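Trainee: Sharing a structure with you now.
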Amino acid sequence: MLDKFEQSKLLLYYEQIFDLINEGIHVIDATGCSLLYNQKMAHLEGMSKQEVLGQNVSAIFQFPPGQESTLLQVLRTGQSIRNSRQTYFNDKGKQITTINHTYPLFAKEQIIGAVEIANDVTKMERLLRESLREPEKNGTRYTFEQIVGVSAAIRELIELAKRAARTSSSVLVVGETGTGKELFVQSIHNASARSQAPFISQNCAAIPENLVESLLFGTARGAFTGAVERPGLFEQAEGGTLFLDEINSLSLHLQTKLLRVLQEKTVRRIGDTKDRLVNVRIIAAMNEDPIEAISQNRLRKDLFYRLSVVSLFVPPLRERKEDILPLTLHFIEKYNQLFQMDVNGIEPEVEQFFHHYAWPGNVRELQHFIEGAMNLMNGESSIAMEHLPLQHTVGNAAEHRLLAPSPAVDAASAQPGASFRPLKEQMALLEQSYIEQVVSAVQGNISQAAKLLGISRQSLQYRLRKFRGVSS
């Protein structure tokens, strides 16, 4: 028989082991009072152990009309319940859905309590969906149905791209970085008669210049030291689509060879003497104005004309701001599933900030905003300003202050004889105000403040000493 000290030590062992288990465990006594409650169950139900232990199940959880806690049901009937899906609410009103195994506990054939072992059904259903999802087809994931946007510009672009999918003509997609050019490229391929054939994608700026040619056109054995017979991307994409991103990063020499392939429909491997017929649709993309690229000799004019049989210009996010909210909700849902969260939207202040922000990184930047914000959330139901990346919120606030009219320089004061500060003095005051705000926002962390301001730590310390000397 264990003494009280040994019993308490054994109970401590049990509690620690329970917290290491990856299923939720909740044990109640014969009165429905909670005796054991592990960390996983606390996470699933959005509760703390202190809120649950010693409390009756019926006092802290609410169930839909006509339904009963499986714990209390097993306690009442003495019958086990397996694989039961249960939806209920905690005392904060948060909805919980779990799949449970619930068992009665006996001592000398007398029911002394019940134990529930719970799994997060949201995670299980996501894993099931992923297991049933069709594998990526030829390296593509996107179709027109997956392009999010309600603006007239994006809807018109989708319609133009759908028309281009009906033929095998070359397509040039132009848009800033992060606008979603590849979504349109893959959608065109998947809506075309080539959808069952290969889709090969290559960023021309991602590989060294001396390797691009052999990658695109292939090599013949003996063409150079170590060369083997190897087909290039044109041959690998036979019957399908070859997507060449950042086409303007290719040298003019390679652009000339590419133009020949497009015109002749043949390709010659490096070191080979024979041409090979290829049946490939070319879709190219670039992240700058093609006219500017031509004028600065980064893009051959004849290659541009050959590629741009169909031209699609993807507008930047700042020019289709009505798409910001639908995209935001789309990304929130994506990361809800990925992070097992239940975020339902953004605060009005965040929506206003998103509407006025310039989005230099376009849709990709918005996606990163949402992902970063949801990483900083702790049970909140909507994204607030404090969840956004600090460098953007601090900079945005400062920008509004700098752009807002100064009370000292208004219509009434702008009269002959009115006193104004010299420009140098006014700029110094603005600099001091902004630096002090950034330092305050990071709780005095000089290294972090210097990084946000884009200056060295020593330079920031010098400015702070100078400001403090001025103010003292």
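The values are calculated or read from the model by the stated rules, or taken from the named source; none is laboratory data. Please read all numbers here as calculations on a predicted model, not as lab measurements. Please note: Cβ atoms are built from the backbone with ideal geometry, for glycine as well, and neighbour counts cover all protein chains shown.
Trainee: Please count how many residues of region 334-360 are of a type in the set (D, E, K, R), in a loop (DSSP other than H, G, I, E, B) and either at pLDDT 90 or above or out of contact with any helix residue (DSSP H, G or I) (no Cβ under 7 Å at 6 or more places or on another chain) (or both).
Mentor: Residues that pass the stated criteria total 1.
Trainee: Residue check: is GLU145 over 23 Å from SER311 (Cα atoms) and at pLDDT below 95?
Mentor: In short, no.
Trainee: Among the numbered criteria (1) touching a residue at least 60 places away in the same chain (Cβ under 8 Å); (2) touching a Cys at 6+ places or on another chain (Cβ under 8 Å); (3) surrounded by fewer than 19 Cβ atoms within 10 Å (Cβ to Cβ), which single criterion is violated by ALA153?
Mentor: (2) is the only condition that ALA153 fails.
Trainee: What residue, among those in region 258-277 that are out of contact with any Lys or Arg (no Cβ under 6 Å at 6 or more places or on another chain) and of a type in the set (Asp, Glu), is surrounded by the most Cβ atoms within 10 Å (Cβ to Cβ)?
Mentor: ASP272
Trainee: Under 6 Å between Cβ atoms, which residue pairs at least 6 apart in sequence (or on different chains) link something in region 1-29 that is part of a helix (DSSP H, G or I) with a partner that is at pLDDT 85 or above?
Mentor: Qualifying pairs under 6 Å: PHE18/ILE25; PHE18/ASN38; ASP19/ASN38; ASP19/GLN39.
Trainee: Could I ask something else about it? So, in region 278-293, how many residues would count as being modelled with pLDDT of 95 or more and either surrounded by fewer than 17 Cβ atoms within 10 Å (Cβ to Cβ) or farther than 27 Å from PHE199 by Cβ (or both)?
Mentor: Qualifying residue count, region 278-293: 1.
Trainee: Say we look at region 82-111 and pick out the residues that are among the hydrophobic types (A, V, I, L, M, F, W, C) and closer than 22 Å to VAL52 by Cα; which of these is farthest from the chain's Cα centre (by Cα)?
Mentor: ILE111
Trainee: Here is a check on your reading of the model: is GLY46 of a type in the set (Gly, Ala, Ser), on the phi > 0 side of the Ramachandran plot and over 38 Å from the mean Cα position of the chain (by Cα)?
Mentor: No: the conditions fail for GLY46.
Trainee: Filter region 240-277 down to residues that are of a type in the set (Asp, Glu) and outside any loop (DSSP other than H, G, I, E, B) and give me whichever is modelled with the highest pLDDT. Steps first, please.
Mentor: If we filter region 240-277 for residues that are of a type in the set (Asp, Glu), which is where we start, we get 245-246, 264, 272, 275.
Of the ones still in play, those that are also outside any loop (DSSP other than H, G, I, E, B) are 245, 264.
Values: ASP245: 96, GLU264: 93.
Step by step, filter region 240-277, then rank; the result is ASP245.
Trainee: Please determine whether any residue of region 39-53 is among the polar types (S, T, N, Q), assigned to a strand (DSSP E or B), under 28 Å from MET341 (Cα atoms) and without any contact (Cβ under 8 Å) to a residue 60 or more places away in the chain.
Mentor: No, there is no match, as no residue in region 39-53 is among the polar types (S, T, N, Q), assigned to a strand (DSSP E or B), under 28 Å from MET341 (Cα atoms) and without any contact (Cβ under 8 Å) to a residue 60 or more places away in the chain.
Trainee: Does ARG76 qualify as being free of Cβ contacts under 8 Å to residues at least 24 places away in the same chain, of a type in the set (Lys, Arg) and not in a loop (DSSP other than H, G, I, E, B)?
Mentor: Yes: the conditions hold for ARG76.
Trainee: Any residue in region 215-235 that is touching a His at 6+ places or on another chain (Cβ under 9 Å) and in contact (Cβ under 8 Å) with a residue 24 or more places away in the chain?
Mentor: No: zero hits.
Trainee: Within region 116-129, does at least one residue satisfy the condition of being in the same structural domain as SER58 (by TED's automatic domain parsing), assigned to a loop (DSSP other than H, G, I, E, B), at pLDDT 80 or above and not small (Gly, Ala, Ser)?
Mentor: No.
Trainee: Still on this structure, please answer the following. Please give the helices (runs of 4 or more DSSP H) falling wholly within region 361-456 in which 1 or more residues are modelled with pLDDT under 70. Talk me through it step by step, then tell me what you get.
Mentor: On the way: elements: 362-376, 390-403, 423-441, 446-453.
Output list reads 390-403, 423-441.
Trainee: Scanning for something over 22 Å from the mean Cα position of the chain (by Cα) and among the aromatic types (Phe, Trp, Tyr), does region 181-188 turn up at least one residue?
Mentor: No: zero hits.
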